[in-house]
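Peer 1: One structure coming up, written as structure tokens, with questions to follow.
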Amino acid sequence: MEIMGARVKNAVLLLFTMGIGFCPPLMEGKEIAEVNVQQLRKLASKYNVTSLLVFGDSSVDPGNNNVLSTNVKSNFPPYGKDFFNARPTGRFCDGRLATDFIAEAMGFGETVPAFLDRTLKPIDLLHGVSFASASSGYDDLTANLSKVLSLPKQLEYFMHYKIHLSRLVGYDKAENIIRNAIVVLSMGTNDFLENYFLEPQRRKQFSLDQYQNFLVSSMSHNVEVMHRLGIRRLVVVGVPPLGCMPVVRTITNQITTCSTSFNRAAYAFNAKIKLKLAAMEANLGLLTSFVDAYAIVQDAVDNPTAYGLRETAKGCCGTGLVEFGETCKGSTTCSDPQSYVFWDAVHPSQNMYKILAAKAIQSVAQDILS
């Protein structure tokens, strides 16, 4: 979910001139999803859920970028302020990510480790890892712009994971672990905010609608690769309301409200992803679930008190209006990040991720473990 801040201005005029003829509806209901951990673990046991495997961008990267030659990093304070021992890990958050909370609820440990973590031990592979790379996207060009791991590269590391797992438990058991794993795929934001609206190459090739179709096609192709590699249970996380990010509000001078134009682009893309997922489920025999991050975050922004939140328009780091990544490094922070929707000017807070995780678990229980 990164944005190259100073260059977002180039996107603003483009977005305001691109009309999409509808306004996204709000999510119905404002209750925080409560996770019955005991019931979830019974379901996981009943359906033989073996592990949690993760692909995506900064929304689910626990630190893979730490070892890459990229400036897209967050392995420094104040990131990690609310993590165990206040340790910055490379998560773009004050604490844990939604996938960490999902793993804990399923009984797989308190965090999902980064596959490229040099301290990772073979035994750590058993209950899952994350191959995600902050600043990546469905479009390979998106990852290349920031020198991070594209989705095909993440899948290449997944193949390495399969080899290591086979050596640890044997081929047949490794295949069973993968076949019964819950796989999370969370990306798409950077394709719009770092690529299409900032770089000329894709805009010369595609209209916004065509680019969304291109991304959906890329997602579909990579999911087919996942299927060939043994994955059968897939959770896809939609793009959040881009126009509600504090940095976007700041640049569009809409501090008191979300940018409708940015949100329309995200909403339209999510609709196409959901349609493609349904088709792939039928054609490939996948079990799939779509997590509507757009609706969840939008509702938290519109109705913060219903979620125990207070601040919706700015992040906790620095001024909360523009800082993220390197520009957040060493900044002062708010005193109560748990009441903020956003940790920095782009990324959700740990508390918001906890809310997202609870909703995601509801979706998984309904769509996959039933």
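Peer 1: Which value does Rg/Rh take for region 219-366 over its C-alpha atoms, Rh per Kirkwood?
Peer 2: 1.04
Peer 1: Now for a different question. Based on Cβ point charges of +1 for Lys and Arg and -1 for Asp and Glu, what charge dipole magnitude is obtained for the chain about its Cα centre, in debye rounded to the nearest 20?
Peer 2: Charge dipole, the chain, about its Cα centre: 480 debye, nearest 20.
Peer 1: Rounded to two decimals, what is Rg over Rh for region 284-335 when you use alpha-carbon atoms and the Kirkwood radius?
Peer 2: 1.18
Peer 1: Ordered by residue, what ³J(HN,Hα) values in Hz, to whole numbers, does region 348-364 give under the Karplus form 6.51 cos²θ - 1.76 cosθ + 1.60, where θ = phi - 60° and Gly and Pro are x?
Peer 2: x, 6, 4, 5, 5, 5, 5, 5, 4, 4, 4, 5, 4, 5, 4, 4, 5
Peer 1: Here's something else I'd like to know. Specify, per residue and in Å³, the volume enclosed by the convex hull of the alpha carbon atoms belonging to region 68-162.
Peer 2: Per residue, the Cα convex hull of region 68-162 comes to 109 Å³.
Peer 1: A further question follows. Plugging the Kirkwood radius over Cα pairs into Stokes-Einstein for region 106-187, at a temperature of 37 °C and a viscosity of 0.692 mPa s, what D comes out in µm²/s?
Peer 2: 241
Peer 1: State the antiparallel share, in %, of DSSP beta bridges confined to the chain, rounding to the nearest 5.
Peer 2: For the chain, the DSSP antiparallel bridge percentage is about 10.
Peer 1: Which loop chymotrypsin sites (Phe, Trp or Tyr not before Pro) in region 156-227, with loop taken from DSSP, have no more than 16 other Cβ atoms within 10 angstrom of their Cβ?
Peer 2: Those satisfying the criteria are 206.
Peer 1: Just to be sure I understand the curve: with the Debye formula and one point per C-alpha of region 209-294, what is log10 I(q)/I(0) at q = 0.12, 0.19, 0.21 Å⁻¹?
Peer 2: Each listed q corresponds, in turn, to -0.43, -0.83, -0.93.
Peer 1: Cα convex hull of the chain: mean projected area in nm², to one decimal?
Peer 2: Directional mean of the projected Cα hull area for the chain stands at 16.7 nm².
Peer 1: Can you list the lysines whose alpha carbon sits under 26 Å from that of residue 274, skipping same-chain ones fewer than 8 residues off?
Peer 2: Of all the lysines, those that pass the test against residue 274 - Cα under 26 Å, at least 8 places apart if same chain - are 30, 153, 354, 359.
Peer 1: I need the semi-axes of the equivalent ellipsoid of region 45-119: take the C-alpha gyration tensor, multiply each eigenvalue by 5, square-root it, list largest first in whole angstrom.
Peer 2: Output for region 45-119: semi-axes of 23, 14, 10 Å.
Peer 1: Nearest 500 deg cm²/dmol is fine: what mean residue ellipticity at 222 nm does the chain get from its DSSP H runs of n ≥ 4 alone, each adding -39,500 (n - 2.57), divided by its residue count?
Peer 2: Value at 222 nm, helices only: -12500 deg cm²/dmol.
Peer 1: Next question, about the same structure. If only Cα atoms are counted, what is the Rg of region 164-221, and what is its Dmax, in Å?
Peer 2: 18.1, 49
Peer 1: What is the set of long-range amide H partners of residue 321 at a cut-off below 5 Å, with H atoms built 1.01 Å from backbone N?
Peer 2: HN-HN under 5 Å from residue 321: 315.
Quick note: the coordinates plus some simple rules give every number you see, no bench work behind them. Owing to the predicted nature of the structure, the values given are computational and were not obtained by experimental measurement. Note that each Cβ is placed from the backbone with ideal geometry, even for glycine, and that neighbours are counted across all protein chains shown.
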